[in-house]
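Enquirer: Quick one: this structure, given as structure tokens, is what I'll be asking you about.
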Amino acid sequence: MNDTVFKNPTDDNPTARIVLTVVALAFIGLFLLLPLVVVFSQALSSGFAAARDAITEPDALSAIYLTLLTAAIAVPLNLVFGVSAAWAVAKFDFRGKSILTTLIDLPFSVSPVVSGLVYVLVFGLQGWLGPWLREYDIKIIFALPGIVLATIFVTFPFVARELIPLMTDQGRDEEEAAVSLGATGFQTFFRVTLPNIKWGLLYGVLLCNARAMGEFGAVSVVSGHIRGRTDTMPLHVEVLYNDYQYVSAFAVASLLALLALVTLALKSFLEWRYADEIAAVHRH
Amino acid sequence: MGFTLFYLSALVLIPLTALVIRPWELGFSGFWDVVTAPRTLAALKLSFGGAAIAAAINAVFGLIVAWVLVRYRIPGRRLIDALVDLPFALPTAVAGIALSALYANNGWLGAPLAALGIKVAYTPIGVVLALVFIGLPFVVRTLEPVLSDMGREAEEAAATLGASRFQTFTRVILPALTPALLTGTALAFARAVGEYGSVIFIAGNLPMISEIAPLLIVIKLQEYDYAGAAAIGVVMLAISFVMLFALNALQSWMATRR
């Protein structure tokens, strides 16, 4: 028997290890895994056919279409905004830069309900532009444009937040070299900047899209809940749940949960494969 | 540059101005009446108190989860680590109905808890629970990089000087982690204060008891009380700004400590 086994002084003792591991796993199981399991098990509690019917009935299909359409408009706009905002913040010095970055962060700390509320106050019937919009018969609140606006508001920080630290780290040496060799602004952007940030950009777009498709609070304030017309998938889930149609609610919810799982898988893959090419610190 | 400014002003500044101006059509006393009405105060108290309790719970368990994920080699670590981000990716309405189904009186966890006489769904406990769910990743994700960058030299030095493991933890490790822990907790708190989707299903939304401030805004909007809704919105926005500046200060402190 060798009783002088070296014990690393920075290792926790075995009891502490086991207790901490069990506590951590129990917490994750209870708070993260169990809700996920519940969604799928409730969706399939009346069999696969019932879940499939709930997803393919006309109101559900229209909600799915609206969600996809909203994301298809909001995500590309925020992609362009995110790149140009990050470009401005990372590559140029100007007055009020910290105000700009604070504004970019704002949607992360503002309640989603307040995000929706501000648009109702501008475009709603009793809002600033309400009477004028009504005169010309333009509907923004309780219609697609309002839903898109609210979605853009809550999701615009994702791409910019991802790119700002990345582009700041990269500095502007390569761009300056390209320009001094006679490249135009466009050439510099597409041949030098974009290849450097492509994985970070993809990462930001991924998170932006997940939030755009899943946003609930802001969209629920501006949508008006017109079934089959202005209900996105998360709103449709709410309507079904409040109607006590639990199987249908969880069936539609399980589609959104699948979207979340795919997002997490792609996100982990990007973090693992391109760790050096996406920003080091991720908060969101 | 011009595009950035245009986009920000059109989407953020103008609507925010509308929000800040709107409540004053009630006059200052009208604004004050809305904000200090017992129902509003109860809702604000629940939103802030619940968020504070949830953030404190997350600070403790988030630290344990981050410690285990960074320091121990456990099977499936990568999978568990990915799962921590679930509350970021899962739409809040889905989280809301899932938690509500779990903790309802006939739910998987609600039934045994009800047998013990603990009611979770439709009480403030349910609100806190939902806020713990959405806040957890903020603490874990802020701590993880700091923990893995932190070398073991200081701990080794403490051990050679005769410190017990517990002393090393409280005197060496915890002080080094404090800025990150505070930042993560503050992020979780900021997110929880305004949270809507995951809370309203499990809360039961009884006025004065389990009604959160964002829901009160929605109710006022449905009653076409735009000014009243905006008044509560302004209060929440002001607090968001305070939180943002506090967070920026915390983060620059964290940067100087690293």
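Enquirer: Tell me the residue from A:104, A:147, A:140 that is open to solvent by 10 Å² or more (accessible area, probe 1.4 Å) and either modelled with pLDDT under 85 or out of contact with any strand residue (DSSP E or B) (no Cβ under 7 Å at 6 or more places or on another chain) (or both), please.
Expert: A:140
Enquirer: Taking segment B:22-48 as the region of interest, how many residues are within 14 Å of chain A (Cβ to nearest Cβ) and open to solvent by 90 Å² or more (accessible area, probe 1.4 Å)?
Expert: 2
Enquirer: Something else about it: Starting from residues that are β-branched (Val, Ile, Thr) and more than 9 Å from chain B (Cβ to nearest Cβ), keep the ones in segment A:9-36 and report whichever is farthest from residue B:87 (Cα to Cα).
Expert: My answer is A:15.
Enquirer: Another question, if that's okay. Within 30 Å of residue A:161 (Cβ to Cβ), in contact with a Ser or Thr (Cβ under 7 Å, 6 or more places away or on another chain), part of a helix (DSSP H, G or I) and within 11 Å of chain A (Cβ to nearest Cβ): is that true of residue B:59 in this structure?
Expert: When the stated conditions are applied, residue B:59 does not pass them.
Enquirer: Turning to a different aspect of this structure: Please report, ordered by residue number, the helices (runs of 4 or more DSSP H) entirely within segment A:53-142 with at least 2 residues that are under 16 Å from the mean Cα position of the chain (by Cα) and away from every other protein chain (no Cβ under 11 Å).
Expert: A:58-91
Enquirer: In this structure, is residue B:17 open to solvent by 20 Å² or more (accessible area, probe 1.4 Å) and polar (S, T, N, Q)?
Expert: Yes: the conditions hold for residue B:17.
Enquirer: Separate question: Is it the case that some residue within segment A:7-17 is in a helix (DSSP H, G or I) and surrounded by 13 or more Cβ atoms within 10 Å (Cβ to Cβ)?
Expert: Within segment A:7-17 (the criterion being in a helix (DSSP H, G or I) and surrounded by 13 or more Cβ atoms within 10 Å (Cβ to Cβ)), the answer is yes, since at least one residue qualifies.
Enquirer: Could you list, in sequence order, the residues of segment A:172-188 that are touching a residue at least 24 places away in the same chain (Cβ under 8 Å) and part of a helix (DSSP H, G or I)?
Expert: Here is the first cut: in segment A:172-188, the residues touching a residue at least 24 places away in the same chain (Cβ under 8 Å) are A:172, A:175.
Selection gives A:175 alone.
Enquirer: A follow-up question, please. What are the residues in segment B:57-70 that are in contact (Cβ under 8 Å) with a residue 24 or more places away in the chain and open to solvent by 30 Å² or more (accessible area, probe 1.4 Å), if any?
Expert: Passing the criteria: B:57, B:61, B:70.
Enquirer: Which ranges mark the helices (runs of 4 or more DSSP H) fully within segment B:156-216 that have 1 or more residues being among the hydrophobic types (A, V, I, L, M, F, W, C) and away from every other protein chain (no Cβ under 12 Å)?
Expert: Those helices (runs of 4 or more DSSP H) span B:174-194, B:197-203.
Enquirer: OK, next. Which residue is farthest from the chain's Cα centre (by Cα), if the candidates are limited to segment B:149-174 and must be open to solvent by 50 Å² or more (accessible area, probe 1.4 Å) and under 29 Å from residue B:53 (Cβ atoms)?
Expert: B:166
Enquirer: Just to be sure, is residue A:43 surrounded by 16 or more Cβ atoms within 10 Å (Cβ to Cβ) and under 19 Å from residue A:232 (Cα atoms)?
Expert: Working: surrounded by 16 or more Cβ atoms within 10 Å (Cβ to Cβ): yes; under 19 Å from residue A:232 (Cα atoms): yes.
Yes: the conditions hold for residue A:43.
Enquirer: Go through segment B:206-258 and give me each residue that's free of Cβ contacts under 8 Å to residues at least 40 places away in the same chain and under 17 Å from residue B:39 (Cβ atoms).
Expert: Listed by number, the residues that qualify are B:217, B:218, B:219, B:220, B:221, B:222, B:223, B:225, B:229.
Enquirer: On to the next question. Determine if segment B:113-125 includes at least one residue that is facing chain A (nearest Cβ under 10 Å), out of contact with any helix residue (DSSP H, G or I) (no Cβ under 7 Å at 6 or more places or on another chain) and not in a helix (DSSP H, G or I). Quick ask: steps written out before the conclusion?
Expert: First pass over segment B:113-125, keeping only residues facing chain A (nearest Cβ under 10 Å): none.
Checked segment B:113-125: no residue is facing chain A (nearest Cβ under 10 Å), out of contact with any helix residue (DSSP H, G or I) (no Cβ under 7 Å at 6 or more places or on another chain) and not in a helix (DSSP H, G or I).
Enquirer: Right, another one. Which condition number in (1) assigned to a loop (DSSP other than H, G, I, E, B); (2) within 12 Å of chain A (Cβ to nearest Cβ); (3) of a type in the set (S, T, N, Q) is the one that residue B:105 fails?
Expert: Unmet condition: (2).
Enquirer: Restricting to segment A:167-187, what's the tally of residues that are surrounded by 12 or more Cβ atoms within 10 Å (Cβ to Cβ) and either polar (S, T, N, Q) or touching a Lys or Arg at 6+ places or on another chain (Cβ under 9 Å) (or both)?
Expert: Result for segment A:167-187: 8.
The values are calculated or read from the model by the stated rules, or taken from the named source; none is laboratory data. Just so you know, these numbers come straight off a predicted model, no measurement behind them. Neighbour counts run over all protein chains shown; Cβ positions are idealised from the backbone, glycine included. Ligands, DNA and RNA are stripped out before the accessible areas are found, and what is left, the full protein with its side chains, is counted by its heavy atoms. Shrake-Rupley method; radii C 1.70, N 1.55, O 1.52, S 1.80 Å.
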